[in-house]
Amino acid sequence: MSEDDVDRIAADWQRERPDLDVRALAVVGRLLFVAENRLAPAGARAVEAHGINKADFDVLATLRRQGAPYGLIPSVLSAELMMSRAGMTKRLDRLETAGLVRRVLDPQDRRSFRVSLTTEGLAVADAALTDLVETLADLSSGLTPDQLRHLDEALRALIGSTGRGAERVEE
């Protein structure tokens, strides 16, 4: 493999601080670069082509993967997305105004309500997901199936080794 900017930076640090093992710095540097500069922008473009942003897509996709009737109560939805209830309310207001979700009284608990995809919301969620999956598959097409499997295993191990869950997102 050819050298890249991360190799140069790691070599500089190794020269300046030979007492440090900078391999993790290089790996995480590459991981962040790919995530921030390749995957996130391409994913955002794929969903934005459907008139929604990533935050909207996360809500629609979470409802969609529940199966028919594509609904959850807001507290479960906010827990699924690891975000505050106040942030969830803002997202739901925006999506309801756009006609992509609806809120109806929960038949099991009339003190609460359920959020469900509308017909339009279901269509947008499916179309955006299709484009996102195709975009990410295209971006990863330079890797062999074995490389993809090893990368997936390594990232799963990295997540597990950190011993922490995802932080709550405030919006």
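The figures follow:
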read-out	value
Val34 accessible area, 1.4 Å probe, all protein chains in place, Å² to nearest 10	60
Gain upon complete extension [Ser75, Arg38; 0.36 nm per residue less C-alpha separation]	10.1 nm
Tensor-based shape of region 91-171 (alpha-carbon gyration tensor, a/c under 1.5 rounded, otherwise prolate or oblate)	oblate
Karplus-derived 3J(HN,Hα), 6.51/-1.76/1.60, for each residue of region 143-149, Hz, glycine and proline x	9, 6, x, 5, 4, 4, 4
Given charges at Cβ of Lys, Arg, Asp, Glu: the chain dipole, positive-most of Leu95, Ser84, Val115	Val115
The chain, relative contact order [Cα under 8 Å, separation at least 6], %	23
Heavy-atom accessible area per residue - the chain, 1.4 Å, Å²	67
Largest-first ordering by accessible area, 1.4 Å probe, given options Ser140, Ser161	Ser161, Ser140
Inter-centroid distance (Cα atoms) of region 1-71 relative to region 128-163, Å	11
Surface accessible to a 1.4 Å probe, Ile52 within the full protein complex, Å²	10
Phi-based couplings in Hz for region 35-47 (Karplus 6.51, -1.76, 1.60; Gly and Pro marked x)	5, 7, 9, 10, 5, 4, x, 5, x, 4, 4, 4, 7
Zone residues, region 14-45, relative to Thr144, backbone N less than 13 Å from point 7 Å out along Cα-to-Cβ	none
Over the chain: helical MRE at 222 nm, DSSP H runs n ≥ 4 each giving -39500 (n - 2.57), nearest 500	-19000 deg cm²/dmol
Cut-off under 5 Å, modelled amide H: who pairs with Ser84 long-range	Val169, Glu171
Heavy-atom accessible surface of the chain: percent carbon and sulfur, 1.4 Å	57
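The values are calculated or read from the model by the stated rules, or taken from the named source; none is laboratory data. Bear in mind that the values here come from a model prediction, so they are computed numbers and not experimental data. Counting neighbours? That spans all protein chains shown, and the Cβs are built from the backbone with ideal geometry, glycine included. With ligands, DNA and RNA removed, areas are computed over all heavy atoms of the protein, side chains included. Shrake-Rupley method; radii C 1.70, N 1.55, O 1.52, S 1.80 Å.
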